[in-house]
């Protein structure tokens, strides 16, 4: 399965090469042109049959992880997170260190040796370390030097009849969906960007918007899902199994009203379950693309992921398939529903 | 097993599930293994596995006209989690069996042992919804829930209250002879039992040796209490895990990995015999460390010392890092050296009865 292959590759922000190579190989036969830009974004182009306008679909290749920042006398590795990671999920988890793929574990003081006040507090990342079995500093330095990347070690697993668990669902799920959509040819020119370094501040997308200068951009993401015990229903950002998520606004972008309405109406027309993201926290590449050049109309469509940014994210296959269906419908309607498309393209200058 | 390398034995044993009180499957596996070395093997009603290796030499091994009996014990059970309730959305609330640190649980993969095994993830409140005061406090087990992706109705057909949950893991080889897995505490000890059996097939010993892979140590030391009573040994050797050296821990409480077993010294343990173990280590060039235990050792030695009229007990501990997590880490040489040291001590014991 495509998603399984994608999530098993390690590609912490700044180290997306293996993900890029994989995607490139997979889409080589369906894209008209493929290029890798100066910061490492993979950009595919598929010429439209009528070439009326330019649509950009974007997903990021990178995942959260860690980077080696030091070594202790006794051969342990000090590290810092790359991207936003909840320190609470780290103690006692497995990781893969460096290009050589060395296995390691995140160590912590056992409960038996913790004082009462230590038991009541969370362990801070700066007091954690990774054990790859080295006994001395020079050995650890040689095997896992400063700046080597570290990724979660976590398998792709089926949960129940509908769910899957993996690391890096954010945003390999978006990559997978766009790879599916690239198989078709459309009337409009389709650009697909697989971006780098989203997790450390939307770095790749900032130059993608400029290079492509699209008329409309849709970002496909894995987004937070908080329908879990201890959270009140009104605090749910999204819910698992309730379909693809449409974002109205988040910390980085204000989705275009017309595009959002268009997507929602299309979902209703095609009887596809959708939900709106009910929090305005978080953000993604749409923020940078929206404000590139003279501005771009953007929207974000996401697949809900519980325990996002942890080694064990969980998503629903139904939501994933729903998202593909929704996007197929949206692309088809962009071709057919010319009135609406014109309104989106022309904004205030349109008389429709 | 006879021809299996130590890491392979450890892998075989750590991959078995035996949460305290539910050791039956591992007990059966261990019975098979023990039978390769022991004349008699039995499982008692608490699922302690006992293997008897009869004395191979006739010298000096007698007490009151009968063969001397040495008990060598390592517990086979492991800590775990248990299903407390299932809510209307299918989330499973949990409690612990033995000492589990809730801090290692968020985002942990688990296996729920219902009528069939089901994978799950331990979830918690997402970080962006935590209030600042909550964010600094460690998570409580009652605030965690297992997510299986299965709805309540379907889940209840397979999972019931009281079902066990174990931490999923991968047996991982690290650098320099170190291995990481769940239940290294105390499958390392059980592996050492097998190493002792291997060693003893090659050396003469005047005592009958009773190997016990015991149960329910992590909860109430029950296996140790009843099996030491049943066997009534003259000497007991307890093998368990001690804390490996780690940052932010005191050097007095932790022991280096790869530097040999830690020989316990303290009031609960027999001073003369502990000294004999140290002498054997020196004579045989086996590396060892000293583990000073001012009172309760936190091991089954606490039970064996006062069984029946009392049993002189020695404690050999294998250094293990990150105890009670799914990445407990051990050095394979420490397991082997524990086996060598205990075997040579047993052989020495019956040649120098005055130490008892």
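Read-outs throughout are calculated quantities, based only on the coordinates presented, and are distinct from any laboratory measurement. The model shown is predicted, which means the values in this text are computed figures rather than measured ones. All Cβ positions, glycine included, derive from the backbone under ideal geometry; neighbour counts span all protein chains shown.
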Among B:104, B:311, B:121, determine the one that fluctuates most according to a GNM of chain B built with springs between C-alpha atoms less than 10 Å apart.
B:104
May I have the extent of the alpha carbons of chain B along their three principal axes, as whole Å values ordered from largest to smallest?
69, 42, 39
Label the protein assembly as shown by shape, choosing from rounded, prolate and oblate, from the square roots a ≥ b ≥ c of the eigenvalues of the Cα gyration tensor; if a/c is under 1.5 it is rounded, and otherwise prolate applies when a/b is larger than b/c, oblate when it is not.
prolate
Mind pulling the angle between the C-alpha long axis of helix A:169-181 and the longest principal axis of chain A? Nearest 10 degrees, somewhere in 0 to 90.
30
The alpha-carbon center of region A:221-284 and that of region B:219-262 are separated, in whole Å, by 54
What does the helix-only formula give at 222 nm for chain A: each DSSP H stretch with n ≥ 4 adding -39500 (n - 2.57), the total divided by the residues, and the result rounded to the nearest 500 deg cm²/dmol?
-8000 deg cm²/dmol
Taking only C-alpha pairs under 8 Å that are 6+ residues apart, what is the relative contact order of region B:80-167 in percent?
45
Nearest-5 percent of antiparallel DSSP beta bridges in chain B?
65
Taking every pair of alpha-carbon atoms in region A:84-231, what share in percent sits in each 10 Å bin, from 0 to the bin with the longest distance?
8, 25, 29, 23, 10, 3, 0
Given all pairs of different Cα atoms, what value in angstroms does the Kirkwood hydrodynamic radius of region B:88-158 take?
13.2
Average other protein chain Cβ within 10 Å of Cβ, residues B:109-119:
2
Whole-number percent relative contact order across chain B, with pairs defined as alpha carbons under 8 Å at least 6 apart
23
Beyond 21 Å, the calculated P(r) of region A:213-302 holds a percent of Cα-Cα pairs equal to 31
Return the whole-Å distance between the Cα centroid of region B:183-210 and the Cα centroid of region B:28-75.
10
To make sure I understand, if each residue's beta carbon is the centre and we count other beta carbons within 10 Å, what order do A:157, A:266, A:338 fall in, fewest to most?
A:338, A:157, A:266
If I fit a long axis through the Cα atoms of helix B:222-231 and take the longest principal axis of the Cα atoms of chain B, what angle between them do I get, 0 to 90°, rounded to 10?
20
Within a 10 angstrom radius of the beta carbon, how do B:274, A:310, B:138, A:193 rank from fewest other beta carbons to most?
B:138, B:274, A:310, A:193
As I understand it, the value is the acute angle between the Cα axis of helix A:257-269 and the longest principal axis of the Cα atoms of chain A; what does it come to in degrees, rounded to 10?
80
Please list, short to long, the whole-number percent of alpha-carbon pairs of region A:65-152 in consecutive 10 angstrom bins beginning at zero.
18, 51, 26, 5
Kindly put A:32, B:334, A:273 in sequence by how many other C-beta atoms sit within 10 Å of each C-beta, fewest to most.
A:32, A:273, B:334
Compute the relative contact order of chain A as a whole-number percentage, counting only Cα pairs closer than 8 Å that sit 6 or more residues apart in sequence.
21
What would the Debye formula give as log10 I(q)/I(0) at q = 0.07 Å⁻¹ for the alpha-carbon point model of chain A, no solvent?
-0.31
Between A:288, A:38, A:116, find the one with the highest GNM mean-square fluctuation for chain A; connect C-alpha pairs within less than 10 Å.
A:116
Calculated from DSSP helices alone, with each H run of at least 4 adding -39500 (n - 2.57) and the total divided by the residues of chain B, [θ]222 nm to the nearest 500 comes to -8000 deg cm²/dmol
Just to be sure I understand: with springs between alpha-carbon atoms less than 10 Å apart, which residue in A:35, A:109, A:332 has the highest mean-square fluctuation in the Gaussian network model of chain A?
A:109
Beta bridges per DSSP with both ends in the protein assembly as shown, % antiparallel, nearest 5
65
